[in-house]
Amino acid sequence: MDYTKQIQEIVAKLFAEDKIDVFAGYRMTGFDENQVPVLIQSSGEVSRLVFNDKSVFNLCNYLKYDHTRNKRVGLVVKGCDSRSLNLLLTEGQVKRERLYIVGIACDGVVDEQGNKMQNCEECMFPDALVYDELLGTQHPEGKYKVNSDIKELASKGLVERRAYFEEIFESCIRCNACRHSCPLCYCTKCCIDQETSKLYNGANNTSSAFHALMTWSLHLAGRCVDCRNCEKACPSHLPLHLLHKWNERVIYENFQEHLSGVKEGDRGAFYKYSLQDPDDFIM
Amino acid sequence: MEAVANNQLVSIEKPEIVAPPNWEPVIIGILCNWCSYAGSDLTGTSRIQYPPNIRIIRVPCSSRVDPWFLIKSLQTTADGVLVSGCHPGDCHYITGNYFARRRFLVTKKLLSFVGFHEDRVQFSWVSAAEGPKFAKVVAKVTEDIKKLGPLHLYKKENFDK
């Protein structure tokens, strides 16, 4: 999967026709084989752009920051990124007419060790769902599968699960990189910062990490699209996808097979309800 | 195992934590203003006894209950939380409790996934006319949580130094 040439041609054409002000893509770090996001402002910089299976980050994240606000933006999206873009469009965070979307029919990206990422192996929607132009050949739609590590954890006993998650919350350093890297966390003020509360403000311990990660994952429940930007950003390499994938599983099984960001106009699972929702856990 | 043999209460999530003698659980009850709060009022005015372990917080609707409230209660003083609202179809704001129901399920499942016993957070529908039912619900929740023992996970006070 290497679309470097095609993307460079497309972007050069877009700048020549004056269709965009800024283009979000990937460039090489310059040190190793890995890539980082880059914002291109003019056609002279187009040669910096690359795209191959090391292009892991979700560029929709840049739509919420000031350097692209109120500008005409072009960007590259893979399947998972396009789901988060769909949600941003639905929730009114970006305007479709300001975007030029280069969709990718993605074959899966690899991590730093060169192994295929876990979420790519289990990907349901590898092709971009919203695009102006699609590169690559389209894949058949996948089937919903429960993650193997979720299954394994769920089959363990309560005490083991508690011990496992206590270790995870212990190693969190509250840098909030997961929140900043999440394309769907666009609030300018966040409740996990707790600026007025002495209870959590600046605290860096297991209790505050538990509070922050649980609140964060519940605010993303029914919206998370499993792009794993949070995991790529986490300096402690915490398996944050466990919380999200568990929520996704509960929501998929109980709320009419809801999957977030698949259709434009379809909001998160908590924005709607059904009379048939399970009621048996309520006295 | 010894603690169990001596008939002492241990925390179900952390068996090394033993409850002090005469330990009583603290339960936070988050009740909707229009049904459950009025129902609990009726329980009182009807002189029906229910366990005094519950501390009641009044909210406008069960959909006002952010999952954050439950997390924060469990982190501070509570050993268990009870959230109660109007029966489906009876919501003062027409559909509030339908939205709340979805959030409750996900919160309950997530808390049980990270290692809280499922019965630490419980939910009920109690209408304004169901005074006896409210007493029964509180008795059941208190009994359940007494069996589970004290909650010792991620308590804020353990980290305040």
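The values are calculated or read from the model by the stated rules, or taken from the named source; none is laboratory data. What you see is a predicted model; the values in this text were computed from it and never measured. Positions of Cβ are generated from backbone atoms using ideal geometry, with glycine treated the same way; all protein chains shown enter the neighbour counts.
Looking only at the stretch A:198-207, decide whether some residue is among the aromatic types (F, W, Y) and modelled with pLDDT of 85 or more. No.
Residues in the stretch B:28-45 that are under 18 Å from B:F69 (Cα atoms), under 16 Å from the mean Cα position of the chain (by Cα) and in contact (Cβ under 8 Å) with a residue 24 or more places away in the chain: B:I28, B:G29, B:I30, B:L31, B:C32, B:S36.
State whether the residues of the stretch B:81-99 include one that is within 12 Å of chain A (Cβ to nearest Cβ), closer than 27 Å to B:V18 by Cα and more than 13 Å from the chain's Cα centre (by Cα). Taking every residue of the stretch B:81-99 in turn, none turns out to be within 12 Å of chain A (Cβ to nearest Cβ), closer than 27 Å to B:V18 by Cα and more than 13 Å from the chain's Cα centre (by Cα). Can you pull out the residues in the stretch A:127-148 that are at pLDDT 90 or above and either facing chain B (nearest Cβ under 10 Å) or within 17 Å of A:C227 (Cα to Cα) (or both)? Passing the criteria: A:D127, A:A128, A:L129, A:V130. For the structure I just gave you, tell me whether A:D32 is of a type in the set (D, E) and either exposed (fewer than 15 other Cβ atoms within 10 Å of the Cβ) or within 19 Å of the chain's Cα centre (by Cα) (or both). So A:D32 fits the description; yes. For the stretch B:114-140, a residue qualifies if it is among the aromatic types (F, W, Y) and either more than 10 Å from chain A (Cβ to nearest Cβ) or surrounded by fewer than 20 Cβ atoms within 10 Å (Cβ to Cβ) (or both), and exactly one does: B:F134.
Of the numbered conditions (1) surrounded by 21 or more Cβ atoms within 10 Å (Cβ to Cβ); (2) more than 9 Å from chain A (Cβ to nearest Cβ); (3) among the charged types (D, E, K, R); (4) more than 15 Å from B:F116 (Cα to Cα), B:R103 satisfies every one except a single condition; which is it? Condition not satisfied by B:R103: (2). Under the condition of being under 18 Å from A:G103 (Cα atoms) and surrounded by fewer than 21 Cβ atoms within 10 Å (Cβ to Cβ), the residues counted in the stretch A:58-73 number 2. For the stretch A:119-140, the candidate set comprises residues that are free of Cβ contacts under 8 Å to residues at least 40 places away in the same chain and of a type in the set (S, T, N, Q); within that set, the residue that is nearest to A:V262 (Cα to Cα) is A:Q138.
Checking B:L148, B:L74, B:L82 one by one, the residue that is at pLDDT below 95, crowded, with 23+ Cβ neighbours inside 10 Å and under 20 Å from B:P25 (Cβ atoms) is B:L74 and no other. Being among the small types (G, A, S) and farther than 25 Å from B:L70 by Cα is the filter; apply it to the stretch A:206-259 and report the residue that is surrounded by the fewest Cβ atoms within 10 Å (Cβ to Cβ). Step by step, filter the stretch A:206-259, then rank; the result is A:S236.
Take the residues in the stretch A:89-121 that are assigned to a loop (DSSP other than H, G, I, E, B) and of a type in the set (S, T, N, Q), then tell me which one is modelled with the lowest pLDDT. Residue satisfying both the conditions and the ranking: A:Q113.
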